[in-house]
1. Given labels modelled 7 Å from the Cα in the Cβ direction, how far is it in nm from residue 336 to residue 265?
2. Compute the long axis of helix 97-106 from its Cα atoms, compare it with the longest principal axis of the Cα atoms of the chain, and write down the angle in degrees, 0 to 90, nearest 10.
3. List 371, 287, 182, 259 from most exposed to least, where exposure is judged by having the fewest other Cβ atoms within 10 Å.
4. Tell me which of 307, 253, 324 sits at the most positive position along the dipole axis of segment 249-337, charges placed on C-beta atoms (Lys, Arg +1; Asp, Glu -1).
5. About the Cα centre of the chain, what is the dipole size in debye to 20, counting +1 per Lys and Arg Cβ and -1 per Asp and Glu Cβ, all else neutral?
6. Below 8 Å between Cα atoms, with a sequence gap of 6+, how large is the relative contact order for the chain in percent?
7. Could you list 137, 384 in order of exposure, starting from the residue whose Cβ has the fewest other Cβ atoms within 10 Å?
8. Where the only charges are on Cβ atoms (+1 Lys, Arg; -1 Asp, Glu), what is the dipole of segment 183-369 about its Cα centre, to the nearest 20 debye?
Amino acid sequence: MKILFFSPYFYPYTSGVTTYPQKIFSYLSKKNLIEVLTFKYKKKSKTEEKINGYKIIRMNYWLQISKGFVSPQSIFNFLNKINKQDLVILNQPNFEGFLLAIIAKIFGKKIISIFHCQVFLEGNFLTKIVNFMLNASMKTQLYLSDKIVVYTRDYVNSLPYFKMFYNKILEVLPPIEKSVADKNFLNKLLGLKKNNIWIGYAGRISSEKGLEYLIDAVHNIVIPAPIRGQAPAGIQIIFAGPYGKDVAGENNYYNKIIDLLRKYNIKHMFLGNLTGKQLSAFYKSIDVLVLPSVNQTEAFGMVQAEAMISGTPVIASNLPGVRISIRLTKMGIIVEPKNVTQLSQAIENILKNGNKFSNYRLTKKANDIFDIKKTYKFYNQLISSL
């Protein structure tokens, strides 16, 4: 089957929205011809590239508004390719979705929308207009889609307008890939860690992640009684993932986080983008992973599932979709968003009672729940049914 996929961001940009389809297409490309249309968010990126069996076409854009791109080139490229395709898959959220969905319908093509999240952009009046336009485009695209794939019904049930799409919704957990930890990198991390407590965060440094609340919580923590047989030297926050100018529209937020870390004199490290094997080593090196997201732009948090299958406990915000991983595995604590006191107490609880939240039985259960083969099977069956 010939499949045309559109997403404003794609590899090498790093986020759950881009990692998800990369893993799916690496599998589906074994039996299908897949072309990816995306924007060239970095000018030095290749215009065309083939990776893992599928082709990526990166387009120039005229204008970037907040985290979105504006360019007629996406429409022209889509029109040029649509007639040769059997199926269209559109990544949500995006600005162009409604136009591309209309074109696909005119040409009689089936549409699958992968719904990652509702966007909640905060800021000035212009940002609010952009947010309104983006969500209007999204709803139109969903209306025209034949099937809508979601991470969890817990998330979409919190969005009232999704009631009109009830018969189109298909739920499947995202593709969580277990990698063997890079031993050299793990040894390097453990050498740096020494006898410190490491509070981990994985993901983009962006405002919806609520990292200021994590920093406030760590500042309030009373170092617990000896762990690992001796008193810890101190607490450090270790960040894994893109930051600063590598995250669209979030450089100012990164600077805010740096200022806060310096204000409290909290020791920290930014590891940047990591490979799958390095990320697995990161999870094994930390004492707990924290996902302190503050709004529904966070719809699941794939990193917490990755941490769990590596045997690392998690603390996550009580947000629709985000709370599901802990509910399924019992490998962590759910706290209210922006509640620094609850977050501090949860970190202290896990540091003192680690075996309660991470042991062989729970880790095995997490690996069974987040088995990537189940996600692959789902997409195989979905594509075959259309």
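Rule-based calculations on the coordinates, nothing more; no lab input. These numbers were taken from a predicted model, which means no experiment stands behind them. Methodologically, a virtual Cβ is constructed for each residue, glycine included, from the backbone with ideal geometry; neighbour enumeration extends over all protein chains shown.
1. Roughly 3.2 nm, to one decimal.
2. 30 degrees
3. So the residues, fewest neighbours to most, are 259, 371, 182, 287.
4. Going by the charge dipole, the pick is 307.
5. The dipole magnitude comes to about 920 debye.
6. 14 percent
7. Values: 137 21, 384 9.
The most exposed by this proxy come first: 384, 137.
8. Around 660 debye, computed over segment 183-369.
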